[in-house]
Amino acid sequence: MPQLSSYKLPCGTKKFYPEKLDYLTRKGNYLLFHTYSPKNKIAYIISPKQKGMDIIVEGQPGDIVNLYESIGLDEHEIRDENGVFLYKQAQTKEEFEQVFEKFVR
């Protein structure tokens with residue numbers, strides 16, 4: 001069974017993502033994905049770091065989905081018995097930072 005990593009959103013909701021993203025992050029990749037908290041009905045774009053997570057932006061679910069879809073980075077998927085997990089990946093730190101210059105809170 002594929003391994004999952006966990007993190008907590010600011011509201012305390014515990015979420016899971018494929019451990020492969022931790023591996024990619026340790027190897028120097030810059031990743032992001034979006035998630036939703038049913039507790040506070042807020043969506044987030046998250047970027048895993050070597051230790052912890054960065055919340056890049058938060059907002060209403062529809063707005064976050066539209067923002068995520070508009071980000072011009074390559075989208076990848078991990079498909080396993082836990083389901084399908086989508087994430088976007090930048091090739092360099094500069095590319096990653098340029099994407100979010102106007103969104104970082």
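The values are calculated or read from the model by the stated rules, or taken from the named source; none is laboratory data. What you see is a predicted model, and the numbers here were worked out from it, not measured in a lab. Neighbour counts run over all protein chains shown; Cβ positions are idealised from the backbone, glycine included.
Here are the numbers:
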{"quantity": "Failed condition for Gln60, given (1) at pLDDT 90 or above; (2) under 14 Å from the mean Cα position of the chain (by Cα)", "calculated": "(2)"}
{"quantity": "Failed item, numbered, when Lys41 is tested on (1) surrounded by fewer than 16 Cβ atoms within 10 Å (Cβ to Cβ); (2) touching a strand residue (DSSP E or B) at 6+ places or on another chain (Cβ under 8 Å); (3) modelled with pLDDT of 95 or more", "calculated": "(2)"}
{"quantity": "Complete set of residues in segment 32-76 that are farther than 20 Å from Ser6 by Cβ and either of a type in the set (Ser, Thr, Tyr) or in a strand (DSSP E or B) (or both)", "calculated": "Val57, Gly59, Tyr68, Ser70, Asp74, Glu75, His76"}
{"quantity": "Meets criteria (part of a strand (DSSP E or B), touching a strand residue (DSSP E or B) at 6+ places or on another chain (Cβ under 6 Å), among the small types (Gly, Ala, Ser) and surrounded by fewer than 17 Cβ atoms within 10 Å (Cβ to Cβ)) for Ser6", "calculated": "yes"}
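Residue-by-condition table, conditions (1) out of contact with any strand residue (DSSP E or B) (no Cβ under 9 Å at 6 or more places or on another chain); (2) under 12 Å from Tyr30 (Cβ atoms); (3) surrounded by 13 or more Cβ atoms within 10 Å (Cβ to Cβ):
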{"site": "Ser47", "(1), (2), (3)": "no, yes, yes"}
{"site": "Val57", "(1), (2), (3)": "no, no, yes"}
{"site": "Ile64", "(1), (2), (3)": "no, no, yes"}
{"site": "Phe85", "(1), (2), (3)": "no, no, yes"}
{"site": "Lys88", "(1), (2), (3)": "no, yes, yes"}
{"site": "Thr92", "(1), (2), (3)": "no, yes, no"}
